Amino acid sequence: PADLYLRPALRDAAGLPAPLPPALLARLQALPQLQRLGPQRTVAITLPGGERSQLIARELQQAHLTLGVPSGDRNSPERSVLAVLSAALGGGMSSRLFRSIREERGLAYSCYSATAAYADVGALSIYAGCAPDHLGEVAKLIGQELVDVAERGLRPDELTRVQGQLCGSLALALEDSE
């Protein structure tokens, strides 16, 4: 069962052999956090363009939807552009996803986007926590916003708002207690 929780992509990224050695598998199965997860069903999904996705189904009162795409590393010249995109999509209460999914429709408890940049790779991720029966609609709305940004770009008022948000966040992050 523990190999259900250690996905092939994660296993490969960690440089672990496939299949996992029995001794390592036994240690993973003994971890309390894995035992608490309970039974689950994993469904692999191939999206248009060949991207891979996984649906992990459990008996929960809340569904967690995460979409992620690779991006440039921490030295990428596009890092600032990605920060602006992430802030516009889901960087706060006035972001596209928050307004569309949470404020206007009340479909999600939480909805945001984030970026991560490491030495050799980065990622843009979008998260939404919602009731399981709203999952399809939330996923569709996220997709619509992504298509809209790809086709039309960000509006001038969004760019102004995001610029102010990012500058304000940077100023607050640079403050100290003295």
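The values are calculated or read from the model by the stated rules, or taken from the named source; none is laboratory data. Note that this is a predicted model, so its numbers are computed, not measured. Counting neighbours? That spans all protein chains shown, and the Cβs are built from the backbone with ideal geometry, glycine included. Remember, those area values only see protein heavy atoms, side chains included, never the ligands or the DNA or RNA. Shrake-Rupley method; radii C 1.70, N 1.55, O 1.52, S 1.80 Å.
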Out of everything in segment 80-101 that is over 17 Å from the mean Cα position of the chain (by Cα) and closer than 16 Å to L170 by Cα, what residue ends up being surrounded by the most Cβ atoms within 10 Å (Cβ to Cβ)? V81
S110: outside any loop (DSSP other than H, G, I, E, B), open to solvent by 30 Å² or more (accessible area, probe 1.4 Å), of a type outside the set (A, V, I, L, M, F, W, C) and in contact with a strand residue (DSSP E or B) (Cβ under 7 Å, 6 or more places away or on another chain), yes or no? yes
Looking at (1) part of a helix (DSSP H, G or I); (2) in contact (Cβ under 8 Å) with a residue 12 or more places away in the chain; (3) more than 15 Å from L89 (Cα to Cα), which is the only condition V138 fails? (3)
Flag if A123 is without any contact (Cβ under 8 Å) to a residue 60 or more places away in the chain, surrounded by 15 or more Cβ atoms within 10 Å (Cβ to Cβ) and part of a strand (DSSP E or B): yes
Scan R58, R41 and give me the residue that is loosely packed, with under 10 Cβ neighbours inside 10 Å, of a type in the set (D, E, K, R), more than 21 Å from G143 (Cβ to Cβ) and modelled with pLDDT under 90. R41
